[in-house]
Amino acid sequence: MSERENYLNPFYSPAYSKAHPVLQPSTLPYHFKFWRNMYHQFDRSMHPRQSILKTVLNLREEGRKAESALQALENRLLQLGVTPVVTSDPPAPPPTRDQHCNTLPARPDSLILGAPINHKEVERQEEEFDQEEVGEEATESTDTERSVEGSSGTDSRKQSYGELDGTYSSELAKEEPAAVSLEFGVARMTC
Amino acid sequence: MEFSEHIKTANVEDVVLRQPLHPPGRGTLCITGHHLLFSDREEGSWRQVLLLLRNIDAIEKSVENLLTCSGLFSNAGLSQSGVSRLPGSSGTITIKCKDLRVLQLDIPGMEECLNIARSIETLSCLDSMSELYPFFYRPSNASLRDQWGLSSLERHYSQMKELHDRWRLSTVNRDFSVCPSYPQAVIVPKSTDDDMLEKVAKFRQGGRFPVLCYYHKKNGMVIMRSSQPLTGANRKRCREDEQLLQAVIDGSDKGYIIDTRSSQQALQARMTGGGLESKSCYSSWKRLQRQMERGKALQESLIKLVEACGDESNNMDRWLSKLENSKWLSHVQTALSTAGLLAECVERDGHSVLVHGSEGTDSTLLISTLAQLIMDPSCRTLEGFLTLLEREWVQAGHPFQQRCAHSAHSHARLQQESPVFLLLLDCVWQLWRQFPLALGFSEALLLRLATEAYASDYGTFLGNNQQERCALGVKENTYCLFQALLRPRERDCYSNPLYEHTELAIWPSVHPQSLQLWRGFFLRWTPQTHHLEEAQEEIRNMVIEWGKLALSSCPAST
């Protein structure tokens, strides 16, 4: 069942299909996008590190749970013979997102920011650190969008912006995942 | 100067307006000193289109005189959309705006058409700043005595207690005599007194001596920015400048200098009086050269990109080759990459950095702003971002009046125009795309700012620096854009409902595959993007709904 959830589009609305029985995709050249998730599936450093889709799915899940909790409480009140008062404002000041999330299941991995993924990858990236930097990459790839549209595979490398004399030590690199896991409690290190 | 001098024809009836994303309409056109107003009274619905004349980049006019051939052409006067043009003389004015809209007005009467065109041409590029619309704009829901601006350097300094130890607020520039483009107060190391600052100002281009722009709380390192040192061909040196920079890295072993010119450009600058910090005099500083495009080259890049977006041929190869030739995306990549390098030096490497180019008013401000967005979570909220822009662009003396005088469509001879601020907004959009939960503002804010920089009802982007704004009385006589954007009804539209605060830095990926054309701006007026806007609106509404639901049931669940 959970597999199916992964493949559903939360924004799908049957009403939209009734209103638009025939889809008319634009064939203007600037509307074509490079399918990065497909062609760079395994290049983790390239993907957006935060996913709107996952957040929205989680919010929908929380919304459902909140609704069912609300319903259960209303039923309880009815049983006790008290008519529930419907207020539009929450009675207490709304908690911050952090507090709010502490009462809910652990945050998904989609919110990990900028950290290398796992130790194996960190070690591999350290080897690559001394190699070609992004600064050179900019002058090398004279074609920008063209290399996007007809991409040649680039292996995932640590996002480094330039040479810094190797003072960026291996300890620092290993520290980052730990720092993230402390912040976010249970954080799964997959993207 | 009276505006009415320039308006020979103020009203024309029966004008047809064609604008993108709307069906053509017929109505009355009025021209005032600052606006074009089109009122469409057909079909019972009242539609008004108000265009600020300052927003007009270029116009093209074509006149047809059909009086002599009215018999032959009375049927051919029917245009494709079914709106018939009256036989007789008429003219068409094509208006190209700075926000990339293209409008077309069909005006009956050759003389009226030419008069309107001439009025537009004169009134859309008024020279004197005090005649511009912000000095006349009077919204009903605000008062001129309201607070102007979000913050000041004095307040910023007093709020940042960590700075009080080694840094001080200097008002050496209170009458703008030391540096005409800096604000009246700047933050400098405590050990440098005002006399030293005056000497350092003489050694830096435009008097822009090194000042603090960001203090990184996690490790106490700073970002300073300035302009190029005026070493010249004789390799002059300035002891006070060296002492100031030494005081910056006091306690640490070295610092970095990020120079936004290539090594060749920096060395060539010596011929014209500029230069770079030599290793012998600035031994504790390591120089990193990162060439960033600015000035005319950047403006031409924008022109080519806009031309590519307006190409009607719908040929994929042409689109891709034009996009590539414009090189706009490589400028975006360079900007993000250099900003990432700057942030890396401060956060990961743990050293202070001095940033400068040649004038210190363009690429310097660009990367210092982006680096602060990368590193500092307080800059990522809506208020934090606007305060950042106010501090790093408006107060820091980015010459908006010169840089945003004309945009991509203009036929005028380019002088100092350069879309550096637009490049900044594009880079922020790339950040927002990569980290949609980390920024507290939406794309709508970026689009609004992109338009306001070129033509505005507000006085925030007027002038080139604080000195000019003080001289014109901008604070007393105009309204503040940033305050207007934060008003309750407006800010709902500009905030990001998915925003979640995080203390971590956000490191953008600068792989070419991670960067995209900012379609929200460059393809704003093409019809198909509406489907995407609808989807985004849907997401916003969903998130706000569920957010409210989850919050309102939270006390119940505890």
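For a quick protection proxy, order the peptides B:452-462, B:403-413, B:481-491, A:31-41 by their average other-Cβ count within 10 Å, most packed first.
On the way: B:452-462: 22.9, B:403-413: 18.7, B:481-491: 15.7, A:31-41: 13.4.
Listed from highest to lowest mean packing, they are B:452-462, B:403-413, B:481-491, A:31-41.
If R0 is 22 Å, what FRET efficiency do you get for B:Asn315 and A:His20 from their C-beta distance, rounded to 0.05?
0.20
Residues in the stretch B:411-425 carry Karplus couplings, in order, of 8, 5, 5, 6, 10, 10, 5, 6, x, 5, 5, 5, 4, 4, 5 Hz; the curve used is 6.51 cos²θ - 1.76 cosθ + 1.60 with θ = phi - 60°, and Gly or Pro positions show x. Distant-in-sequence amide contacts of B:Tyr214, defined by a placed amide H-H separation under 5 Å and a gap of 5 or more residues or a different chain, comprise B:Ile223.
Given axes a ≥ b ≥ c from the Cα gyration tensor, I'd like to know whether the stretch B:123-235 is rounded (a/c under 1.5), prolate (a/b larger than b/c) or oblate. Working shown, then result.
On the way: a/c = 2.59, a/b = 1.40, b/c = 1.86.
Oblate, since a/c reaches 1.5 and b/c is not below a/b.
A straight Cα-to-Cα reach below 26 Å connects B:Lys217 with the lysines A:Lys158, A:Lys174, B:Lys161, B:Lys190, B:Lys254, B:Lys286, residues fewer than 8 places away in its own chain not being considered. For chain B, the longest principal axis of the Cα atoms and the long axis of helix B:328-343 meet at an angle of about 30 degrees.
Taking square-rooted eigenvalues a ≥ b ≥ c of the alpha carbon gyration tensor, is the stretch B:341-409 rounded, prolate or oblate, where a/c under 1.5 means rounded and, failing that, a/b exceeding b/c means prolate? Judged from the Cα gyration tensor, the stretch B:341-409 comes out oblate (a/c at least 1.5, b/c at or above a/b).
Is there a simple number for the mean count of other chain Cβ atoms within 10 Å of the Cβ of residues in B:333-344, and what is it?
On the way: counts 5, 4, 0, 2, 9, 5, 1, 5, 8, 2, 1, 6.
Mean number of neighbouring Cβ atoms from other chains: 4.
Shape class of the stretch B:263-369 from the Cα gyration tensor (axes a ≥ b ≥ c, square roots of the eigenvalues): prolate, since a/c reaches 1.5 or more and a/b is larger than b/c.
The sum of -39500 (n - 2.57) across all DSSP H runs of n ≥ 4, divided by the residue count of chain B, sets its helix-only mean residue ellipticity at 222 nm to -10500 deg cm²/dmol.
Spin-label pair B:Lys296-B:Glu131: with each label point 7 Å from Cα along the Cα-Cβ axis, the two points sit 2.8 nm from one another.
Along the stretch B:32-40 the Karplus relation, 6.51 cos²θ - 1.76 cosθ + 1.60 evaluated at θ = phi - 60°, assigns HN-Hα couplings of 10, x, 10, 9, 10, 10, 10, 10, 10 Hz to successive residues, with x for each Gly and Pro.
Per residue of B:496-504, what is the mean number of Cβ atoms on other protein chains within 10 angstrom of that residue's Cβ?
The shielding value for this peptide is 4.
Residues B:Phe209, B:Phe136 in ascending order of nearby Cβ atoms (within 10 Å, fewest first): B:Phe136, B:Phe209. Taken over the stretch B:153-522, the alpha-carbon convex hull comes to 146 cubic angstrom per residue. Nearest 10 degrees, 0 to 90: what angle lies between the long axis of helix B:529-552 and the longest principal axis of chain B (Cα atoms)? Its long axis makes an angle of about 60 degrees. Peptide B:227-236 has a mean of 0 when you count, residue by residue, the C-beta atoms of other protein chains within 10 Å of its C-beta.
Listed from fewest to most Cβ neighbours within 10 Å, the set B:Ser363, B:Ser321, B:Ser177 follows the order B:Ser177, B:Ser321, B:Ser363. Karplus-based coupling profile of the stretch B:197-211, in residue order and whole Hz: 4, 5, 5, 5, 4, 6, 8, 10, 4, x, x, 7, 6, x, 10, with θ = phi - 60° in 6.51 cos²θ - 1.76 cosθ + 1.60 and x standing for Gly or Pro.
Can you put B:Cys345, B:Cys30 in order, fewest other beta carbons within 10 Å first?
Values: B:Cys345 26, B:Cys30 17.
Listing B:Cys345, B:Cys30 from fewest to most nearby Cβ atoms yields B:Cys30, B:Cys345.
Listed by chain and number, the lysines placed with their C-alpha closer than 22 angstrom to that of B:Lys322 are A:Lys33, B:Lys96, B:Lys98, B:Lys296, B:Lys304; residues fewer than eight positions away on the same chain are left out.
Rule-based calculations on the coordinates, nothing more; no lab input. Because the structure is a prediction, the values reported are computed rather than measured. When we count neighbours, we look across all protein chains shown, and the Cβ atoms used for this are built from the backbone with ideal geometry, even at glycine.
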